Amino acid sequence: MSKIRCPYCGNNNIGKGKLGNHAALMPVGKIFTTGSAIIADVCIECGTIIRMTVEKPEKFKQVD
Ligand SMILES: [Zn+2]
């Protein structure tokens, strides 16, 4: 059960999509890394992408 509701059409039928491989989000300033795939919550009624999260947020930790 998803608690997410589309802010545009009010539908709570939310699907998940994944942007992988070449659409992966890469951490800035890190060269030798594979980055992380992006997970998108998509309203299956109107197609709005409600939320985008990275699969592995720990990859974006900044090291001083
Ligand atoms: Zn919608």
Interchain or sequence-distant (5+) residues whose placed amide H lies within less than 5 Å of the amide H of residue 11 are 6
Quote the charge dipole size of the chain about the Cα centre in Debye, to the nearest 20; the model charges only the Cβ of Lys and Arg (+1) and of Asp and Glu (-1).
80 debye
Work out how much length residue 44 to residue 61 would gain on full extension: take 0.36 nm times their residue separation and subtract the Cα-Cα distance, in nm to one decimal.
2.9 nm
Could you please rank 16, 61, placing first whichever residue has the fewest other Cβ atoms within 10 Å of its Cβ?
61, 16
Sequence-distant or interchain residues sharing an amide H contact under 5 Å with residue 54, placed H: which?
39
Considering lysine pairs in the chain that are 8 or more places apart or on different chains, how many have Cα atoms under 15 Å apart?
5
State, as an integer percentage, the relative contact order of the chain based on alpha-carbon contacts under 8 Å between residues 6 or more apart.
29 percent
Rule-of-thumb check for the chain: C-alpha Rg over 2.2 N^0.38 Å?
1.34
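FYI, it's all coordinate maths here, none of it is from the lab. Everything numeric in this text was worked out from a predicted model, so none of it was measured. In this analysis, Cβ positions are derived from the backbone assuming ideal geometry, glycine residues included, and neighbour counts consider all displayed protein chains.
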